[in-house]
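Everything below concerns the one structure shown next.
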Amino acid sequence: MLELTGSATWVGLMAASSTLPLLFLALAAGAIADLFDRRWVLVAAQTLMGSAAAAMAILSAFDRITPGILLALGLVLGVGLAFNLPAWQATVPDLVPRGMVASAVALNSVAFNVARAVGPALGGLILVVSGAEAAFALNALSYLGVIGVLIILARTMPAPDREESSMVNAIALGVRFARFTPSFRRVLALAAMFAITSAVVQAVLPSLTEELGGGAGAYGVLLGAMGLGALIGGFSRHPVTARLGVRSLPVTVGVFGLAGIGLGLSRSIPVAIVPLLIAGAAWVWTLATLNATAQLLSPEWVRGRAMGLYSLSFVGIVPLGSILAGWLADRVGAGTAYVALSAGAAVVGFVLAPLLRIPALDDVETPEYEEGRATPDHVDTVGGPVMVVSTWDVDRDRLEEFMEVMNEIRLVRLRTGAYRWRLYRNAANPHRLTELFLCVSWEEHLAQHRRIDDASAAIIRRARRFDRSGNPRTNHLVAVDLARQGDWDALIDAHERYHRADGSIPLET
């Protein structure tokens, strides 16, 4: 793109094109990863990306490539990437025994982020030696191996059970999960801030290389330096982050920002190599930790949507940072753009990240589901919305503690399926309090029971004990469709069995 246009803005747009579609497709892609067989979603996404890469190679070979066509094909790559990322990341925990999930997630995160740094370095080397069409062609061929592995997995792994839901409801549930899971929400916030401030390093590197008097060869060297730093970061991630503990993310984000400032102040190619080595390592340390933390915080039933939101918060925000960096470089120079945006990364790391209190990777509490709490088969009933109303009589001296527990109950209800929740106090009896929450359908409420993890079940059992009788009174009100009549006996029987199985508040009437 730089050779075709000579514009840092066009280069920024090109850098953004492969990830920009995530801004619009991440939520839908995450829902598709949870509603459909992820293995075949991956095959389709990889095929689309490989086709776009092949088109780049063919058009370049016949000298038919233009800035507009190149940008359009980059956007096609981005569409494939948008559907690939959530499904890929959500599949990793299914490939290893339960006790190895944390290690597998961390390893995949390291591999992914090292590849994002090493890949451009290899591309730059091929560009210098053989030209753009060769780089595009090798990229297209690389997809064949990935597609082959995915087809083998699709044919050998058992087909997973998936919840049935509308796309709109699935997306809304994923958003509510993120909104009402504070630890996951903080991970998304830090990822977004890091994305907007770190995108400058790769987006403006071609322009910085020109400012320093280098050409394509020097650009390849600088990309290689960042790739080498990423490799070093990949191999050193565990000892470094284990030693830093809860300070890992603040330190690694801050170090990345300082390295970017050093890069912007560099006055020669050899000097720029050193901060790029440091930036590559810090980049992998940061993203591997963020990615692994997000995956470990996400239960299986919503993992695709959770990782779609994570992809949106980082990969989807990077294009905005790339466009901002390109625009700024065109006006004040590449070096100044590096200093300004990297200073922002340093502030994010050393000032804002500690305030988010994201736990160390080894301290992340992964949702657990006791095998003995298996849920019964789903029954074929209809109805909704569903209103669940539970009433407690609480002793006056326990009201404050009850309110604290009910705030936790609120988060449990809203992140597992409820779309509205309120707690009411009886006007005539202030010690009688009623919880009310709504689900979109009876099927969704039954699914809500399956989503209750062990920690949430313990919170529900604790809430029950605040009632003077130890047994809050609960009513389940299902909106009636006057045109159809369901099997009410089967419906109530199924629901009672769910409550007995998951230990939640029992059905009274």
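General observations
- Test result for Glu370, closer than 25 Å to Ala106 by Cα, exposed (fewer than 15 other Cβ atoms within 10 Å of the Cβ) and at pLDDT below 80: yes
- Considering segment 261-273, and only residues there that are touching a residue at least 24 places away in the same chain (Cβ under 8 Å) and open to solvent by 10 Å² or more (accessible area, probe 1.4 Å), the residue that is farthest from Glu210 (Cα to Cα) turns out to be Ile261.
- Single residue of Ser390, Ser456 found to be among the small types (Gly, Ala, Ser), assigned to a strand (DSSP E or B), at pLDDT 90 or above and within 35 Å of the chain's Cα centre (by Cα): Ser390
- Helices (runs of 4 or more DSSP H) enclosed by segment 186-260 - at least 2 residues per element that are touching a Ser or Thr at 6+ places or on another chain (Cβ under 8 Å) and surrounded by fewer than 24 Cβ atoms within 10 Å (Cβ to Cβ): 216-244
- Test result for Ser103, under 20 Å from Ala306 (Cβ atoms) and either more than 22 Å from the chain's Cα centre (by Cα) or open to solvent by 60 Å² or more (accessible area, probe 1.4 Å) (or both): yes
- Restricted to segment 3-87, the set of helices (runs of 4 or more DSSP H) holding at least 1 residues that are under 19 Å from Ser313 (Cα atoms), open to solvent by less than 20 Å² (accessible area, probe 1.4 Å) and in contact (Cβ under 8 Å) with a residue 40 or more places away in the chain comprises 8-17, 22-35.
- Qualifying residue in segment 407-428 (condition: more than 25 Å from the chain's Cα centre (by Cα) and of a type in the set (Asp, Glu)): no
- Checked against the criteria, Ile317 counts as open to solvent by 20 Å² or more (accessible area, probe 1.4 Å) and closer than 18 Å to Leu190 by Cβ.
- Hey, Val315 of a type outside the set (Asp, Glu), in contact with a helix residue (DSSP H, G or I) (Cβ under 8 Å, 6 or more places away or on another chain), modelled with pLDDT under 90 and outside any helix (DSSP H, G or I) or not: yes
- Residue in segment 422-453 that is farthest from Trp392 (Cα to Cα), counting only those that are part of a strand (DSSP E or B) and in contact (Cβ under 8 Å) with a residue 24 or more places away in the chain: Cys439
- Boolean, Leu477 is surrounded by 15 or more Cβ atoms within 10 Å (Cβ to Cβ) and either at pLDDT 90 or above or closer than 19 Å to Ala418 by Cβ (or both): no
The values are calculated or read from the model by the stated rules, or taken from the named source; none is laboratory data. Nothing here was measured: the structure is a model prediction, and the numbers come from that model. A quick note on method: Cβ atoms are made from the backbone with ideal geometry, for glycine too, and the neighbour counts reach across all protein chains shown. All accessible areas refer to the heavy atoms of the entire protein, side chains included, with ligands and DNA or RNA removed. Shrake-Rupley method; radii C 1.70, N 1.55, O 1.52, S 1.80 Å.
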